[in-house]
Amino acid sequence: MKKDKISIVVPCYNEEECIKKFYDEVNKVSKEMNNQEFELLYINDGSTDNSLEEMKKLYKKDERVRFISFSRNFGKEAGIYAGFENATGDYITVMDVDLQDPPEMIKEMYKGIKEEDYDCVALYSNSHKDYSLLRKGLTKIWYKLIGKISHSTQVPGARDFRLMKRQMVNSILKMGEYNRYIKGIFTYVGFNTKWIGYDTPDRTDGISKFPLTKLFKYAVEGIVSFSTKPLVISAYLGLIFCLVSFIYMIFILIRTLIMGNGVSGWPTLVCLITFLGGLQLFFLGVIGIYISKIYLEVKNRPIYIVKETEKDM
Ligand code: UDP
Ligand code: MG
C-alpha cells in the first residue's frame, strides 16, 4: 500500500542556527512514525545570513529536503503560501523553525486525522513563556476584539501549526489575496478542526522575528482582511454626531430667539471643533487603510518571487 506523504512547510528568515536542529527533530519523528513518507520544504524568506547554505547542505544529504528561496523578504504569510503551493504531500503542515512548534506533535495530529476523521488538527498555546507581559496582554485584547468584529472567530492562542488534508490546503490556495492573514483564512475555509492545547516552549536559538511593531501591523491586517466593521462604525458615529448637532442647533436657535444673542459657549465650540476634527481625520485614516489594501489587491502583484529552488542545483 502506498504510504501517506506528510509535507512540512517551514518559513525561515535568518534562522541559520535553527535549520539543522529542526531537521534533526523531524528526522527523529519520521523514524518513530515507521518512516512515513516525509517532505521538508524550507522557505528561505530573503535571509541575509547562512540560512540558504544550511538548507542546501541538508538537501545534499537527504533528498526529502527541499527549499524555495525568495528574491527578498516577503514575510511569513508569503512563505506559507509558497509552501502550500509547492508541497506535494497528502497531508500538509506549517511549522516555525525555532522548535516552538514541537515536531513530535505531528504524531498526535496525524492520528487525529487518520483515526478520528478530522480534516485538520490544530494547536493552541496554553502558555507562552518567552512572550513579554505586554505582548501577552495585547494578544489577549486582540483575540477578544477580532472575535467581536469579524465573523471569523479565532481560538485564543491559536498557532499556525496545523496538519491539514490536501483538500483544505487547496481551498486555502484558492484564496489568492495579496494581503494575507492566514489565521483568518484557516477559519474562513472551514473544515472539521480538532484543537489541541500545549505549552509553547522557548525559542531554541536566535531571536523572534516579530517585534511589537510588526505584530501591530499584523493585527491591523487581521482586522482589515476579515472585517468591515471599522467602516460601518465610522458611518454610524458620523450619523450620531449629525443627529446630536441637529438637536443642538435647534436648541441654540430657540435660545437665541428667546434670550437674544450672547457670546457665551466659546470653550464648548473649541472643544467640539478639535474633537470632531480629530475624529474625522481618524476615520479618514481608517478608510485610507482599506483603500490602500484595495490598491494593493488590484495591482495583482505576485505574493512572492522565487530566486532559486533545489531543482536549480
Ligand atoms: N519568519 C519568516 N519571515 C519573516 C518573519 C518570520 O519566514 O519575515 C519565520 C521565522 O523564521 C519563524 C516563523 O516565521 O520560522 C515565526 O517567527 P518567530 O519565531 O520569530 O515569531 P514568534 O514565535 O516570536 O511569534
Ligand atoms: Mg517563534
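Summary of values
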{"read-out": "Total residues in segment 264-306, condition of a type in the set (Phe, Trp, Tyr), more than 30 Å from residue 174 (Cβ to Cβ) and open to solvent by less than 70 Å² (accessible area, probe 1.4 Å)", "value": "1"}
{"read-out": "Any pair with Cβ under 9 angstrom, 6 or more apart, that starts in segment 206-230 at a residue that is under 17 Å from residue 297 (Cβ atoms) and more than 13 Å from ligand 1 (Cβ to nearest atom) and ends at one that is open to solvent by 40 Å² or more (accessible area, probe 1.4 Å) and part of a loop (DSSP other than H, G, I, E, B)", "value": "225/177; 226/151; 227/151"}
{"read-out": "Every residue from segment 115-126 that is touching a residue at least 12 places away in the same chain (Cβ under 8 Å) and open to solvent by 50 Å² or more (accessible area, probe 1.4 Å)", "value": "116, 117, 118, 124, 126"}
{"read-out": "Filter result for residue 226 (under 17 Å from the mean Cα position of the chain (by Cα), open to solvent by 50 Å² or more (accessible area, probe 1.4 Å) and closer than 21 Å to residue 147 by Cα)", "value": "no"}
{"read-out": "Those residues of segment 193-209 which are within 18 Å of the chain's Cα centre (by Cα), within 14 Å of ligand 2 (Cβ to nearest atom) and farther than 11 Å from residue 131 by Cα, in sequence order", "value": "209"}
{"read-out": "Positions within segment 167-180 being in contact with a helix residue (DSSP H, G or I) (Cβ under 9 Å, 6 or more places away or on another chain) and either open to solvent by 40 Å² or more (accessible area, probe 1.4 Å) or among the hydrophobic types (A, V, I, L, M, F, W, C) (or both), in sequence order", "value": "168, 169, 170, 172, 173, 174, 175, 176, 177, 178"}
{"read-out": "Flag for residue 220 being open to solvent by less than 60 Å² (accessible area, probe 1.4 Å), modelled with pLDDT of 90 or more and more than 16 Å from ligand 2 (Cβ to nearest atom)", "value": "no"}
{"read-out": "Residues (part of a helix (DSSP H, G or I) and surrounded by fewer than 13 Cβ atoms within 10 Å (Cβ to Cβ)) located in segment 137-166", "value": "137, 140, 141, 144, 148"}
{"read-out": "Qualifying residue in segment 142-154 (condition: within 20 Å of residue 93 (Cα to Cα) and at pLDDT 85 or above)", "value": "no"}
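Every residue, every condition in (1) closer than 19 Å to residue 213 by Cβ; (2) hydrophobic (A, V, I, L, M, F, W, C), yes or no:
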position	(1), (2)
124	no, no
127	no, no
131	yes, no
138	yes, yes
141	yes, yes
144	no, no
149	no, yes
158	no, yes
163	no, yes
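The values are calculated or read from the model by the stated rules, or taken from the named source; none is laboratory data. Keep in mind that this is a model prediction, so the values were computed, not measured. Cβ coordinates were reconstructed from backbone atoms using ideal geometry, including for glycine residues, and neighbour counts include every protein chain displayed. Calculation scope for accessible area: heavy atoms of the full protein, side chains included, ligands and nucleic acids excluded. Shrake-Rupley method; radii C 1.70, N 1.55, O 1.52, S 1.80 Å.
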